[in-house]
Amino acid sequence: MAIDPTKTKIIKQLKHESPLISCRFDPTGKYVFFGAQDNRIWRWDPTADSKKDFVGHDSWIRSIVFSKDGMTLITGGYDGRLIWWEANAEEPKPIRTVDAHKGWIRAAAVSPDGQLVATVGDDLFLRLWNLSDGSLVREITGKHERYIYNVAFHPDGKQIVTGDLMGKLNHWNVETGEFVRDMTVEALSKYDKGFRAQIGGFRALEFNTDGTVLACAGITDVTNAFAGVGQPLIELWDWKEAKQLIQHRSKGKSEGVAWGVAVHPENFTIGILGGRAGGIMFFWKPDSKDEFHQFKLPDSARDLDLHPDGVQLVTAHYDKHVRISSMDPPEEPKPEEAKE
């Protein structure tokens, strides 16, 4: 397939009964799993237009991860629970439930070798779990002072990074749990004196395929913390040198949060906006501040994931829809010519 972001179109969508907050393709690319404000995870088969619910959480589920083969689904909720499921089950039931954090689980990630699940949350802990049996392998704390918003494994599997509300990134050794260094993305956090509130944090973290670049997504230039008024921002950082490479912004005034980011293997970055400007999908080249293309979505977007084929994208929306877009959409049929 030929990828052309400027031709991106929605090719499939499903209307749900509740606003959506998260979405992921499974590793096989067959299913979309999404979390909604009904406190459930749903499995959607776009080819059959069927969906199945996974019931076990008592709050919203922002974290959706899988075993490498896609057979096991693991979800982390704002109820602090980490739940294991059989991803393809006809009648899904929890295989294992772990009270993983006190307070919200804000993010989860699976190690490149598929052996570990990392979780972070409001209790300021990074915890590593054995994916196979759910046992606690290691817990790490002491360097974050405010809620930990996100976590990402480095592609080498030996390093892991956590990011908090204050815009602070901490780099850890996976095997030992030792702290390596910290970095601060100042643009992604601000204290609003008027409302006496901190706003910002890492809404998404993702490495590129070779681990040389870390993409950080969130909100900047905040003018009203109470209403979340600000501009979406994605910063790219040189991982080895721990320095900012570029800030990806929007050409126009697009108020909202960059809720998701994907670093494409063909060397461009994709981000999604959710907020007062509605929903927008942005595409940036690595050396450009401004996007080279933006695709207007029907409503505010709250999460983003790239399909294993590198062509399709799934987005979760506040208007109760999950949408699949393609950067190589099928050509529209030409009208038949009338016969003389």
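The values are calculated or read from the model by the stated rules, or taken from the named source; none is laboratory data. Just so it is clear, the structure is predicted and the values come from calculations on it, not from any experiment. With ideal geometry, Cβ positions are generated from the backbone for all residues, glycine too; neighbour counts draw on all protein chains shown.
Show the residue pairs that are 6+ apart or on different chains and have beta-carbon atoms under 8 Å apart, the first residue being within the stretch 209-233 and without any contact (Cβ under 8 Å) to a residue 60 or more places away in the chain and closer than 12 Å to GLY275 by Cβ, the second being surrounded by fewer than 20 Cβ atoms within 10 Å (Cβ to Cβ) and of a type in the set (Phe, Trp, Tyr).
ASN224/PHE195
Can you spot a residue in the stretch 169-182 that is over 30 Å from HIS264 (Cβ atoms), at pLDDT 95 or above and in contact with a Gly (Cβ under 9 Å, 6 or more places away or on another chain)?
Yes, there is a match, as at least one residue in the stretch 169-182 is over 30 Å from HIS264 (Cβ atoms), at pLDDT 95 or above and in contact with a Gly (Cβ under 9 Å, 6 or more places away or on another chain).
Scanning for something surrounded by 16 or more Cβ atoms within 10 Å (Cβ to Cβ) and more than 20 Å from the chain's Cα centre (by Cα), does the stretch 101-113 turn up at least one residue?
no
Residues are listed down the side, and each one gets a yes or a no for (1) touching a Ser or Thr at 6+ places or on another chain (Cβ under 7 Å); (2) in a strand (DSSP E or B); (3) among the hydroxyl-bearing types (Ser, Thr, Tyr):
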site	(1), (2), (3)
ILE11	yes, yes, no
GLU17	no, no, no
CYS23	yes, yes, no
PRO27	no, no, no
PHE34	yes, yes, no
ARG43	no, yes, no
ALA48	no, no, no
ASP53	no, yes, no
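For the stretch 71-85, does any single residue satisfy the condition of being under 15 Å from the mean Cα position of the chain (by Cα) and of a type in the set (S, T, N, Q)?
yes
Tell me which strands (runs of 3 or more DSSP E) are completely within the stretch 161-227 and hold 1 or more residues being under 16 Å from ALA109 (Cβ atoms), in contact with an Asp or Glu (Cβ under 7 Å, 6 or more places away or on another chain) and among the small types (Gly, Ala, Ser), or say none if there are none.
Working: elements: 168-173, 179-184, 189-192, 197-200, 204-207, 213-224.
Filter on the stretch 161-227 gives 213-224.
In the stretch 211-249, which residues are in contact with a strand residue (DSSP E or B) (Cβ under 6 Å, 6 or more places away or on another chain), of a type in the set (S, T, N, Q) and either within 21 Å of TYR191 (Cα to Cα) or surrounded by 17 or more Cβ atoms within 10 Å (Cβ to Cβ) (or both)?
Result: THR220, THR223, GLN231, GLN247.
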